[in-house]
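What follows is a short report on a single structure.
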Amino acid sequence: MQRRRFLAVTAGALGLAVGPSAWLWAKPPTHRHPTEFGLLQLDEAQWRELLAPERYAVLREEATEPAGSSPLNREERAGTFICAGCNLSLFAASAKYDSGTGWPSFWQPISAKHVGTKRDFKLFWPRTEYHCARCGGHQGHVFDDGPPPTGKRYCNNGLALAFVPADQPLPPLREAP
């Protein structure tokens, strides 16, 4: 009888300890809203074939590149930053600023329709992750400590972006094979 009670209490305690914290580890669904450009949906094998391994890790597995590792931190030319997964325009160079974080940062996307968001609890406190609204590629996190006029800091992984100088045409949107 005591053994059964011990097992029941232990199981209950484990349930209380693990159950409520499980939501911290659960990956919430990525909500993508159709854009005027349509969604790009590829299976993971197609993404692996299309992207270099380090870009795949960031865009598809929500990895984070090391701070200060992206050459886009130093990019100061006029132009457009596009999603490295599907070529959707995400940020104008004029919205880029040096946040001192070691990642390319922007105070505003080209259009709110070009980025989607979801809550991220990977660091035990809620953050807002943003991704390309067209292909779902993970870009980074948005914070409320940016400069005027928005007060936002879109902190982006450089591997999730490509830069197109203003004197060059934007590449066509990537389509499914």
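Take residue 134 and decide whether it is open to solvent by 20 Å² or more (accessible area, probe 1.4 Å) and either in contact (Cβ under 8 Å) with a residue 40 or more places away in the chain or not acidic (Asp, Glu) (or both).
Details: open to solvent by 20 Å² or more (accessible area, probe 1.4 Å): no; either in contact (Cβ under 8 Å) with a residue 40 or more places away in the chain or not acidic (Asp, Glu) (or both): yes.
Criteria not met by residue 134.
Among the residues of the stretch 90-117, which ones are surrounded by fewer than 19 Cβ atoms within 10 Å (Cβ to Cβ) and in a strand (DSSP E or B)?
Across the stretch 90-117, the qualifying residues are 92, 97, 117.
Checking residue 91 against (1) of a type outside the set (S, T, N, Q); (2) at pLDDT 95 or above; (3) on the phi > 0 side of the Ramachandran plot, which test does it fail?
(3)
Just the residues that are under 21 Å from residue 67 (Cα atoms) and among the β-branched types (Val, Ile, Thr), please, taken from the stretch 94-119.
Scanning the stretch 94-119 gives a single hit, 101.
The values are calculated or read from the model by the stated rules, or taken from the named source; none is laboratory data. This is a predicted model, so every value here is computed, not measured. Reconstructed Cβ throughout: ideal geometry from the backbone, glycine too, with neighbour counts over all protein chains shown. Protein only, heavy atoms only, side chains kept; ligands, DNA and RNA dropped before computing areas. Shrake-Rupley method; radii C 1.70, N 1.55, O 1.52, S 1.80 Å.
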